[in-house]
Structure formats: C-alpha cells, structure tokens
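Structure first, then comments.
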Amino acid sequence: MMERRDFIKKSVLASAATAMSATSYSKIIGANDRVRVGVVGFSDRHRASHVGPFKELSKKMNFEMTALSDIWNRRREEGKAFLDKQLGGDVKVFRNNEEMYDARIVDAVFLSTADFQHALHTIEAVKAGCDVYAEKPLAETMEDNRAVLKAVKSSGKIVQIGSQRRSGANYWAADEFIKSGKFGPIVMVELMWNVNQPGRWRRTELTKTLKESDVDWVRYQLNRPKTAFDARKYLEYRLFWPYSSGIPGQWMSHQIDTVHWFSGLPHPRSAVANGGIYQWKDGRTNADTLTVVFDYGPLNDPTSGFQVQFTSRFSNSAGETKELYYSNGGMINLDTNEISDTGGLREREAKAMGLSANLLKPMKLEGVKVATDANTGGDELTFNHIKNWMECVRSRKQPNAPIEAGYQHSIATIMANAAYRTGQRVTFDEKSQEVLAGGKPFKY
C-alpha cells in the first residue's frame, strides 16, 4: 500500500478542479482567518473517522474544533472529553443545534447523526451560515431530499456528502476510462455488499443503559411520526423504518453513487426489489437480505440503457463487497482495481458476425481498495475526502461530492426502499421530482 501522503498527492491530481494547495491559501481573501468547526452528533463514525484526519490537517489549514451539539447527555460528556484530549482545545458543549448556532462560534460542521436527520440537519446548518460535511445517506424521503437541495443551492454554502469513493484515485481513473469511450457503453453493473455479523447495527448493552430522561426524544424525531420513547430506535435506528431504510441508505448509497458519477445519469428509470428478514429475528423492521434491480438509461430513449443489480445480506459474507462494471468488451472490477477483457467479445467472433470488437487490454487502476468495515477508521479515501472538503471551505470551489451527488443517490435509495416496501415497480417523475409506487408518491 502506498504511503498516505503519496496517495493524497496522486488523488488530488484527479480533483484539481476542486482542490486548493496549502501554499495557495494566502491568495484567498480571508485565508488567514481560522475556520471554526462544530460537531453535530458525536457518533461512532465521527470519533473513528472524522477526528483523525481533522487532527492531522487542522493546524496547517488553520481549522479549529470549537463546539459540539448532541441531544444525549452521555455523548456530550464523552464527546467533549475525547475532542479536548485529541485536539488540545476546549470544545463548548450544547444540548442541541439551535443553541450551538445561536452562540455563533462555528463556521462549518461535521454532521453524522441518524440517517433520517441528515437532510434536516444540513438545512439547519446552511441556514445558520455554515458549510457542511454531511454523512450519507443525504435523505430518506423525497420531501426532505427536495428541501435540502433547495436550501443548499440557495445558500451558497459548501456541502460535501460523505461518499468517500469520490475522493479515491481508482474511482477517478475508472470514471476517466469510461468517459474516454475506451470501455464502450456500460451494459450491466453488479453491486454486492455481504456480511455475516449478528451485531452489525446493534447496540445491545448500550441500549440497556439509555433512559428517556437522558435524551431529547421529541427533538430526535424531527418530522417523523411521533411515537413513545424507544431506546432501540434511538441507538439502533438503522434497523427501523422510517428512521432509516437500512441496507439501501447505509450501503447501496455508496455504490449507486458511482453509477451516477460514471454514467452521467441522474437517477434510475425504474426499480424492483425483493427481500426480507430471513436470519435475524430481533424485532427489526428493515430487511437483512435485499436484492434490487434498476433500469438506467437516457430518460428520452427507453430503447437504450443498462441494468444495475444490487444484492446484500447479513447472513453469509460470501462474495463480500463487489463493484463490477461490464461492457461488451470486458469488465472493470473496483474490488481488485483491474480493467480486463473478462467476458468481452472476441475478435474472431466479432468478425464472423461482421462486427467490430472492442478489445480491452488488461490494466491496473491506481489507488487503494475502499474500506467497508463497520468501523473504517481513518481510511485513505475518507482522509482525502475530508481534506478535499476543508480545501473547498477555503477556496469556495465545489467539493468532490457536492449536494447534487447526495440528491441523486437519495433518489435511488428511496426508489429501492419504496420497491421493497410496496412490492411494486417504482419509477421517478421528473416534473414533480417524486418517487412513484403504483402511480402514487411513496411516503412513510
């Protein structure tokens, strides 16, 4: 594996349009002003994956962690102790976002709250004048998705969606290869995300300690239907709709984002899905096994396009995580970072049919394999993604994963969720920007 600094140097070449080197900061008005950063939700993701890169980059780039907002008293205490120790500062702690923004001590925020909260918390942040690093999925309903897109676009703020593949050198190389025409038209994409982890998304012991008096349960629910306090829906929200779609929002959102990026298409034309809770009978309402099949292609030409198949299961890890792109000439394997002629049309067969064969020469994509563990830590792609966001906060250029990327992956994940929950073929209405199941907008 290449050293981190070498990787960052090479990756930045791919994102030159949005990157700004540290030596050029002095040329920007306000470049010497310290950027004050707040934390919205002291999550496992923030602790393990955001703080390390920020710590390494903050001094040189003149960023400082100044505030933490969390509606759970335990996370406020743990968060302050951890951040003060790691970063050597004195982070101010707030009971909620409103209090933090009213204090006017933050210019930007890391946001890693529950899945259904990302869109609404991003809206709060940009309206408070802050730039945002928002974890995925961006939104779990089209109402929230449309609202956050509008708010961000009208604010002029820098929003980086936490789709870290967009800061990977191998993904930039794959995108360039496909767009060059050398690969040929995409004919099929196979996406896979399999684990065998009974504890994935469970917080069994922690759930036993959480009392309603410890959290602001009313504020937690935001615009979701109001229900009685449930510690599992607070700590294990990924298992329960409408707090999370589970597999589509958590895992598929990463992989389907690359389909939009590489193809230039904004969303699927249709989706069908099947799955269920086959293994882990623990009270969850989100599937532990899911298959979604999408149709992609030009919106004005149903005769051309390609299929995307996404499969995921919690009960057996065979196959693990795969991203395979196929053309008539061969395959791009983003698990091994290889381009090959695997499955491609051979020259002799093509000549027999009077056709021309797109012969692909085997080659390696430069870059590291993406981390897909439950806790990725400070992996290279996340490091580079946070660095890109911090640079763009300075330069005011668009980051690698702008708000449009989040809007588009959310359309696909909402379509997948709608198809699974209704059992119907789901489409997307361009005029209303609605996900339709049975001709009606999908709601929770």
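The values are calculated or read from the model by the stated rules, or taken from the named source; none is laboratory data. Remember, it's a predicted structure, so these values are computed and weren't measured experimentally. Cβ sites come from the backbone with ideal geometry, for glycine too, and all protein chains shown count toward neighbours. Surface accessibility is based on the protein's heavy atoms, side chains included, excluding ligands, DNA and RNA. Shrake-Rupley method; radii C 1.70, N 1.55, O 1.52, S 1.80 Å.
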Name the residue that is modelled with the highest pLDDT, counting only residues in region 298-309 that are of a type in the set (S, T, N, Q) and more than 29 Å from E236 (Cα to Cα). Q307
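Hey, among G354, G305, which residue is open to solvent by 50 Å² or more (accessible area, probe 1.4 Å) and at positive phi? Can you show your working first?
Details: G305 fails: open to solvent by 50 Å² or more (accessible area, probe 1.4 Å).
On inspection, the qualifying residue turns out to be G354.
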Condition broken by S312, with the remaining ones in (1) buried (at least 18 other Cβ atoms within 10 Å of the Cβ); (2) modelled with pLDDT under 95 satisfied: (2)
Looking for something in contact (Cβ under 8 Å) with a residue 24 or more places away in the chain, basic (K, R) and open to solvent by 20 Å² or more (accessible area, probe 1.4 Å) - is there at least one such residue anywhere in region 269-279? yes
Take D84 and decide whether it is among the acidic types (D, E), over 30 Å from S410 (Cβ atoms) and either open to solvent by 60 Å² or more (accessible area, probe 1.4 Å) or free of Cβ contacts under 8 Å to residues at least 60 places away in the same chain (or both). yes
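Is it the case that I256 is in contact with a strand residue (DSSP E or B) (Cβ under 9 Å, 6 or more places away or on another chain) and open to solvent by 30 Å² or more (accessible area, probe 1.4 Å)? Let's see the steps before the verdict.
Values: in contact with a strand residue (DSSP E or B) (Cβ under 9 Å, 6 or more places away or on another chain): yes; open to solvent by 30 Å² or more (accessible area, probe 1.4 Å): no.
In short, no.
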Are there strands (runs of 3 or more DSSP E) fully within region 238-326 with at least 3 residues that are closer than 28 Å to A169 by Cα? List them. 289-296, 306-313
The lone exception for G79 - which of (1) under 22 Å from the mean Cα position of the chain (by Cα); (2) open to solvent by less than 10 Å² (accessible area, probe 1.4 Å); (3) closer than 21 Å to W217 by Cβ it fails: (1)
Scan region 327-351 residue by residue and report those that are in a loop (DSSP other than H, G, I, E, B), open to solvent by 20 Å² or more (accessible area, probe 1.4 Å) and touching an Asp or Glu at 6+ places or on another chain (Cβ under 9 Å). D335
Per the filter on region 87-117, residues within 30 Å of S253 (Cα to Cα) and without any contact (Cβ under 8 Å) to a residue 40 or more places away in the chain are E98, Y101
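With the condition kept exactly as written, say whether any residue in region 61-70 is modelled with pLDDT of 95 or more and part of a helix (DSSP H, G or I). Before the answer, list the steps.
The initial filter retains those residues of region 61-70 that are modelled with pLDDT of 95 or more, namely 61-70.
With part of a helix (DSSP H, G or I) added as a condition, the list becomes 61.
The answer is yes, given that some residue of region 61-70 is modelled with pLDDT of 95 or more and part of a helix (DSSP H, G or I).
Okay, residues lined up against (1) of a type in the set (A, V, I, L, M, F, W, C); (2) open to solvent by 30 Å² or more (accessible area, probe 1.4 Å):
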{"residue": "G168", "(1), (2)": "no, no"}
{"residue": "Y171", "(1), (2)": "no, no"}
{"residue": "E176", "(1), (2)": "no, yes"}
{"residue": "V187", "(1), (2)": "yes, yes"}
{"residue": "E190", "(1), (2)": "no, yes"}
{"residue": "W193", "(1), (2)": "yes, no"}
{"residue": "R200", "(1), (2)": "no, no"}
Exactly one condition in (1) open to solvent by less than 10 Å² (accessible area, probe 1.4 Å); (2) touching a His at 6+ places or on another chain (Cβ under 6 Å) is not met by T113; state its number. (1)
Among the listed residues D295, D288, identify the single one that is modelled with pLDDT of 95 or more, acidic (D, E) and open to solvent by 20 Å² or more (accessible area, probe 1.4 Å). D295
Region 47-79: number of residues that are free of Cβ contacts under 8 Å to residues at least 60 places away in the same chain and within 16 Å of S112 (Cα to Cα): 11
Those residues of region 389-442 which are aliphatic (A, V, I, L, M) and either in contact with a Pro (Cβ under 6 Å, 6 or more places away or on another chain) or in a helix (DSSP H, G or I) (or both), in sequence order: M390, V393, I403, A405, I411, A412, I414, M415, A416, A418, A419
Any idea how many residues of region 212-224 are in contact (Cβ under 8 Å) with a residue 12 or more places away in the chain and open to solvent by 70 Å² or more (accessible area, probe 1.4 Å)? 2
